[in-house]
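Down below is the structure, laid out as structure tokens.
The values are calculated or read from the model by the stated rules, or taken from the named source; none is laboratory data. On a predicted model such as this, the values are computed, not experimentally measured, just so you know. In this analysis, Cβ positions are derived from the backbone assuming ideal geometry, glycine residues included, and neighbour counts consider all displayed protein chains. To get the accessible areas, we keep the full protein, side chains included, count just its heavy atoms, and leave off ligands, DNA and RNA. Shrake-Rupley method; radii C 1.70, N 1.55, O 1.52, S 1.80 Å.
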Amino acid sequence: MKLQNDLLLRAAKGEKVERTPVWLMRQAGRILPEYRAVRESVSGFIELAQTPELAAEVTIQPVDLLGVDAAIIFSDILVIPEAMGLPYEMVEKRGPWFPNTVSSEGDLKKLRIADGANDLSYVIKAIEITKKNLNGRVPLIGFAGAPWTIFAYMIEGSGSKTFSKARAMLYKEPAFSHRLLQMITDSTINYLKAQIEAGADLIQIFDSWAGILGPDQYEEFSLRYISQICDAIQEVPKTVFAKGAFFAREAMGKLNCETIGLDWNMGIAESRKLIGPNKTLQGNLDPAALYGSPEQVQIATQKMMGEFRGSRHIANLGHGVYPDIDPEMVKVFIQTVKDFR
Ligand code: CP3
């Protein structure tokens, strides 16, 4: 089906656009009262994510209510460990928690390479329903976590400030670490291909914990696997968002992807210089800027837009929108991008 608004796809490919497209990382869920109402009708996040009709509904909410130029499928990066045989729970107010973690060869033997279409059929069904209900209004973004970020949760068993267990593993057991990273990579490629087959128009890889590795380790344990994913997916444009990986920008410029996400610590002009002219840059307003007054949000957004002016750009925040941000301020951000000339 032909898209009525394909600004995101054209901007990703570096084609001409009438205006800069805009969406927000973590726009589905979190900030909208309409999301919380749907979520309260079920037992929690996991049931919502595993009920395709409801997942499709909350995926489309920000398109209707905020006016973003793309939808992102409502799911989580942690569905991959689950599909590999390591289930997670979402603990209210605390975040993800894995009853079992991976620490030995024996644990590795219990895992399997996920087959996207079968093991994650509920996400695939949600994508099909979303595509039907969006009816071509805006593109649908599919996503997965980067292998390193998924590895970090599988070793650590929960969120962590330092992920010291996961980082210790890279030093103590590099060969074991590479075997697990390769299994995650193969699962992720299968999963992303199934998402594209079901209708995802663009895919994004979230490397949320990129910034806790040093440059050499990042190259060896993360970029190498992201690169495999980028090479394996040729069907749709790809975005790589590596939070905190300021040290890897030059190397990321060489990835086989169309778009690089920037966080707000990364200077815009400097990033463009390091990454080169041939990639679209996505981002990168500090999510905390949305705590300001409407005038302050406008000024901060215009400043960001001015710095990106004249080069390939998709407007976004520099990380996911914070849960207590007022949706009205999100609308000011979106409108300011749309009005910017
Ligand atoms: O972007 C979207 O709106 C689509 C849905 C989406 C979710 N998680 C839903 C979610 C996406 C793209 C993600 C990605 C994700 N999940 C990342 C990468 C992006 C980032 O923020 O760095 C990470 C690291 C996770 C892991 C995760 N999931 C954590 C740490 C938590 C708990 C805290 C939090 O972020 O809210 C989750 C839970 C989660 N994932 C919620 C939602 C809507 C909140 C659950 C709830 O409704 O209570």
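With respect to (1) among the charged types (D, E, K, R); (2) open to solvent by 10 Å² or more (accessible area, probe 1.4 Å); (3) over 26 Å from Asp64 (Cβ atoms), the lone exception for Asp339 is condition (3). Checked against (1) under 22 Å from Glu34 (Cα atoms); (2) open to solvent by 20 Å² or more (accessible area, probe 1.4 Å); (3) within 21 Å of the chain's Cα centre (by Cα), Glu92 passes all but a single condition, namely (3). Screening Tyr35 with (1) within 8 Å of the ligand (Cβ to nearest atom); (2) farther than 30 Å from Ile155 by Cα; (3) open to solvent by less than 10 Å² (accessible area, probe 1.4 Å) gives one miss only, at (3). Scanning the range 38-53 for residues that are away from the ligand (no atom under 12 Å from the Cβ) and not in a loop (DSSP other than H, G, I, E, B) gives Pro52, Glu53. May I ask you to say which residue of Ser177, Ser208, Ser187, Ser222 is over 18 Å from the mean Cα position of the chain (by Cα) and among the small types (Gly, Ala, Ser)? It is Ser177. Of the helices (runs of 4 or more DSSP H) lying entirely inside the range 65-121, those carrying at least 3 residues that are within 16 Å of the ligand (Cβ to nearest atom) are 79-84.
Conditions tested, residue by residue: (1) in contact with a Leu (Cβ under 7 Å, 6 or more places away or on another chain); (2) touching a residue at least 12 places away in the same chain (Cβ under 8 Å); (3) closer than 23 Å to Glu34 by Cα; (4) not charged (D, E, K, R).
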site: Ala248; (1), (2), (3), (4): yes, yes, no, yes
site: Glu258; (1), (2), (3), (4): no, yes, no, no
site: Gly267; (1), (2), (3), (4): no, no, no, yes
site: Gly283; (1), (2), (3), (4): yes, yes, no, yes
site: Gly318; (1), (2), (3), (4): yes, yes, no, yes
site: Lys331; (1), (2), (3), (4): yes, yes, yes, no
site: Ile334; (1), (2), (3), (4): yes, yes, yes, yes
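A Cβ distance below 7 Å, combined with a sequence gap of six or more or placement on separate chains, defines the contacts here; from the range 17-37, residues that are free of Cβ contacts under 8 Å to residues at least 24 places away in the same chain and on the phi < 0 side of the Ramachandran plot reach residues that are open to solvent by less than 60 Å² (accessible area, probe 1.4 Å) and outside any strand (DSSP E or B) in the pairs Val17/Leu7; Val17/Arg10; Val17/Ala11.
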